[in-house]
Amino acid sequence: MLFGLLETGFPLFYWGNALMIVIGLGFIYLAIAKKMEPLLLVPIGFGMILVNLPLGGMMDYEMKLRAPQAGTVMEVRMQEGDAFEKGGVLYKLDSGEIRTPVFGQVDSLKISTGQHIEKGQVIASLITMEQTNQAEYPTRPVGLLSRIFQFGVMWQILPPLMFLCLGALTDFGPMLANPKTLLLGAAAQFGVYLAFFLSLICGFNMTEAASIGIIGGAEGPTTIYVTSLLAPHIIGATAVACYSYMALVPLILPPVIRLLTTKKERQIYMKPSLRKISKLEKILFPLVTTVIVILIVPSSAPLMGCFMVGNLFKECGVTDRLTKTAQTAFVDMITIFLTLAIGASMPAQNFLQPRTLLILILGVVSFASAAAAGVILAKIMNLFLKEKINPMIGGAGVSAVPMSARVVQVMGQKENKQNFLLMHAMGPNVAGAIGAAIAGGVFLGILG
Amino acid sequence: MLHTYPFSCVRPRETAGTRFIRARGVGSDMIDWGLAIKTACGGFGLVFGILVLLWGSVEVTRVITDKIAGDKK
C-alpha cells in the first residue's frame with residue numbers, strides 16, 4: 001500500500017512480468033528501429049507491456065467460482081486480495097480441497113469457516129487474466145482490453161473483418177494470369193499439417209495441435225479465428241508466433257529456399273509480362289470462389305466470405321467508398337483493436353510455460369516447412385513444364401502477403417539482375433492466403 | 001497478503017512437474033491417431049483439391065470471358 005491509501009503493483013510484480021516487458025520492448029524496438037511490421041509489432045509489444053503491469057486490470061476477467069462438491073468449510077486458505085497460481089488451495093472442506101482452476105487474485109469470498117456448501121454454489125469471485133473454456137469456467141470481462149478481446153476476438157468478429165480488409169487490399173491478377181500458382185499456395189499448406197502432426201507427438205491435444213498447425217498458414221486473422229474457437233487458452237502464443245514469424249519472413253524464407261534450390265534454379269528467368277486479366281474475370285473470381293469453397297467447406301464461410309466480399313468491393317469498381325474505407329480507416333481500426341488485444345493476451349503466468357516455447361518452435365517449423373513444400377512442388381512442376389518456373393516463387397506460398405513475394409523478388413534480383421519475380425511470386429502468395437483460410441475452415445469443420 | 005510469486009518465489013508443487021519437452025495433459029495413447037491421420041491427410045487433400053478446382057474454374061472463366069469478348073468484337 002502506498003501511504004496506506006492505494007495498492008501498488010510492486011508486491012505482485014515478479015521476474016516473469018519483467019521478462020515479458022522486455023520481450024514487449026524488443027518487439028517495439030524491432031518495429032521502430034528495424035522497421036519490421038511496425039503496424040503489428042508496436043501494438044502487440046505495448047499490449048504485452050500493459051498486461052504485465054500488475055493490478056492494471058486491463059485484461060481482467062471475473063469468474064464466479066462454484067463448489068465442485070458439497071461439504072463443510074474447515075479452513076479458508078486465502079483472503080480477499082490474495083494472488084494465487086493455478087491450482088492453489090482456496091478452501092479446505094471436510095470432503096476435500098477446493099483449488100483455483102486459474103491463476104489470478106481473490107476478489108471476494110462468499111463463504112466462511114464452518115459454513116456448509118452445496119455442489120454448484122458460488123463460493124468466491126476471482127479475478128483472472130487466463131482464457132478459460134467458457135462452458136466449464138464462464139468468465140465476464142471487466143477490463144478494457146478483456147472486453148475488446150472477448151467481444152472482438154472470442155466472438156469471432158475482428159478476424160473475419162480483418163480478412164475483409166485484406167481482401168480489399170489483395171490483387172488476384174497475378175494469380176489469375178498464371179493460375180497454376182494456385183498449386184504452390186496449396187503445397188504450402190503442407191506445413192500446416194506437418195506441424196499439426198508434430199504437435200500431437202509433442203503432447204498437445206487435437207484442437208491445440210490444429211491451432212498450432214494453422215500458424216503455418218501465415219495468416220494472422222486465420223490463426224486467431226481458428227484458435228479462438230478450438231483452443232482459446234493458447235491464443236496468445238499462437239497469435240504472437242504467427243505475427244512474429246510473418247515479420248521475420250525475410251529471415252526465415254531465404255535459408256529454406258537456398259537449401260532446396262541450386263544456383264542455376266534460382267537464376268531461372270521468368271518473363272515479366274503476365275496475361276492481361278479482364279475486369280469480368282476479376283469480378284467473377286471472388287464470386288465463384290465463395291460459392292465453391294463454402295459449399296465444400298461450410299465452416300470456412302466467415303473467413304472466405306469476408307475475404308471475397310472485400311475483394312469484390314475492390315474489383316467491381318462501383319463501391320469506391322467502401323473499398324477506400326476498407327483499405328484505410330477500417331483496416332487501421334481493426335488492426336489497433338486486434339493487435340492490442342492479442343498483445344494483452346500474454347500475461348507472464350500464461351505465456352512463460354514450457355508449452356509456449358514448444359508452440360514457438362512448432363510455429364517456425366510450420367512456416368519453414370510450408371516454404372519448403374512450395375519450393376519442392378515448383379521443382380516437381382518444372383519436370384513437366386516447357387516454360388520453367390523459378391522454384392523460389394514456391395516459397396512465396398507462405399502467405400505473409402506481400403512480404404514473402406518481396407523476399408523472393410530480392411533473392412531473384414541477387415541471382416539474376418534481369419529477373420523480376422515480384423508479380424510471379426504474388427500468385428502463390430495470394431493463393432496461400434486462400435489455402436490458409438480453407439485449411440482453417442477444414443480444421444473447424446472436423447474438430448470444431 | 002499471500003504473495004505466491006515475488007522475485008524469489010518458486011512455483012508451488014501442485015503446478016510444477018511438467019516435463020520440459022512435452023506439453024501438459026495428453027498422453028499419446030489418449031489421442032485418436034486414426035482421426036489425426038484422417039484430419040491431416042484428408043484436410044491437406046481437401047485444400048489441394050479445392051485449389052485445383054479453383055484453377056479449373058479460373059481457366060473456364062477465362063475461356064468464357066474470352067469468348068464473350070470475342071463475340072462482342
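The values are calculated or read from the model by the stated rules, or taken from the named source; none is laboratory data. Predicted model only: the values in this text are computed from it and were never measured. Cβ: placed from backbone, ideal geometry, glycine included. Neighbour counts: every protein chain shown.
What the table shows:
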| read-out | value |
| --- | --- |
| Residue selected from region A:341-357 under the condition of a type in the set (A, V, I, L, M) and surrounded by fewer than 22 Cβ atoms within 10 Å (Cβ to Cβ), by the criterion farthest from A:LEU53 (Cα to Cα) | A:LEU357 |
| When residues of region A:74-104 are limited to those that are buried (at least 20 other Cβ atoms within 10 Å of the Cβ) and touching a residue at least 40 places away in the same chain (Cβ under 8 Å), the one nearest to the other protein chains (Cβ to nearest Cβ) | A:ALA83 |
| Any hit, region B:37-48, residues being β-branched (Val, Ile, Thr), at the interface with chain A (Cβ under 7 Å from one of its Cβ atoms) and closer than 30 Å to A:LYS279 by Cα | yes |
| From A:ILE215, A:ILE234, residue being within 13 Å of the chain's Cα centre (by Cα), part of a helix (DSSP H, G or I) and within 12 Å of chain B (Cβ to nearest Cβ) | A:ILE234 |
| Residues satisfying the stated conditions in region A:374-411, i.e. in contact with an Asp or Glu (Cβ under 9 Å, 6 or more places away or on another chain) and within 18 Å of A:ALA247 (Cβ to Cβ) | A:SER399, A:ALA400, A:VAL401, A:MET403 |
| Test: residue in region A:358-365 that is touching a residue at least 40 places away in the same chain (Cβ under 8 Å), assigned to a helix (DSSP H, G or I), over 22 Å from A:CYS165 (Cβ atoms) and in contact with a Gly (Cβ under 7 Å, 6 or more places away or on another chain) | no |
| Answer from A:ALA405, A:ALA436, A:ALA368 - the residue that is within 30 Å of A:GLY47 (Cα to Cα), within 15 Å of the chain's Cα centre (by Cα) and either part of a helix (DSSP H, G or I) or at pLDDT 90 or above (or both) | A:ALA436 |
| Failed condition for A:GLN418, given (1) of a type in the set (S, T, N, Q); (2) touching a residue at least 60 places away in the same chain (Cβ under 8 Å); (3) surrounded by fewer than 24 Cβ atoms within 10 Å (Cβ to Cβ); (4) in contact with a helix residue (DSSP H, G or I) (Cβ under 9 Å, 6 or more places away or on another chain) | (4) |
| Any hit, region A:281-293, residues being facing chain B (nearest Cβ under 10 Å), buried (at least 16 other Cβ atoms within 10 Å of the Cβ) and either closer than 24 Å to A:SER244 by Cα or among the aromatic types (Phe, Trp, Tyr) (or both) | yes |
| Selection status of A:SER273, without any contact (Cβ under 8 Å) to a residue 60 or more places away in the chain and more than 11 Å from every other protein chain (Cβ to nearest Cβ) | yes |
| Helices (runs of 4 or more DSSP H) completely within region A:109-206 that count 2 or more residues being hydroxyl-bearing (Ser, Thr, Tyr) and surrounded by 21 or more Cβ atoms within 10 Å (Cβ to Cβ) | A:190-201 |
